[in-house]
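Participant: Below: one structure in structure tokens.
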Amino acid sequence: MECPRCGQARQPEDDECPHCGIHYDYVEKKLAKEGKESNPPVEQNDQTKALPEKIKTACPVCGQKYKVQSKQIGIKTKCKKCSSVFTITEINPDVA
């Protein structure tokens, strides 16, 4: 199976693409409503090759994990799960 947006491989149990972050259910329902194919061919151009690097971070209070752009390191954000405010830092990829 592939992500309908970026074409990356996906696992059947995934709800969200680990590469581009879209929610599969939302996109697939929208495409079905429009009668379009869910996996259009993805062209590799300079713009798609230069996507920002994603890093893994987590809420220090509840442990909720997030993938964010590396340029967001140091920015304060609010956890969607427990509503605590924390500064984005990269977590060890081996732990995530």
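Participant: Can you put Glu16, Glu34 in order of Cβ neighbours within 10 angstrom, beginning with the fewest?
Facilitator: Glu34, Glu16
Participant: In what sequence do Tyr26, Tyr66 fall when counting other Cβ within 10 Å, fewest first?
Facilitator: Exposure proxy ranking, most exposed first: Tyr26, Tyr66.
Participant: Quick one: Karplus J couplings for segment 54-64, per residue in order, coefficients 6.51, -1.76, 1.60, θ = phi - 60°, nearest Hz, x for Gly and Pro?
Facilitator: Result, ordered by residue: 9, 10, 9, 9, 8, 5, x, 8, 9, x, 4 Hz.
Participant: OK, next. Using a ≥ b ≥ c from the Cα gyration tensor of segment 52-96 (square roots of the eigenvalues), is it rounded, prolate or oblate, where a/c under 1.5 gives rounded and otherwise the larger of a/b and b/c decides, a/b for prolate?
Facilitator: oblate
Participant: Additional query: Sort Ile75, Ile91 by Cβ crowding within 10 Å, fewest neighbours at the top.
Facilitator: By the 10 Å Cβ count, ascending, the order reads Ile75, Ile91.
Participant: Answer with one residue from Cys82, Gln69, Thr57: the one whose Cα lies farthest towards the positive end of the charge dipole of segment 52-96, charges on Cβ with Lys, Arg +1 and Asp, Glu -1.
Facilitator: So the residue furthest toward the plus end is Cys82.
Every read-out reported here was derived from the displayed coordinates using simple, explicitly stated rules and does not represent laboratory data. The structure displayed is predicted, hence computed values, not measured ones. In this analysis, Cβ positions are derived from the backbone assuming ideal geometry, glycine residues included, and neighbour counts consider all displayed protein chains.
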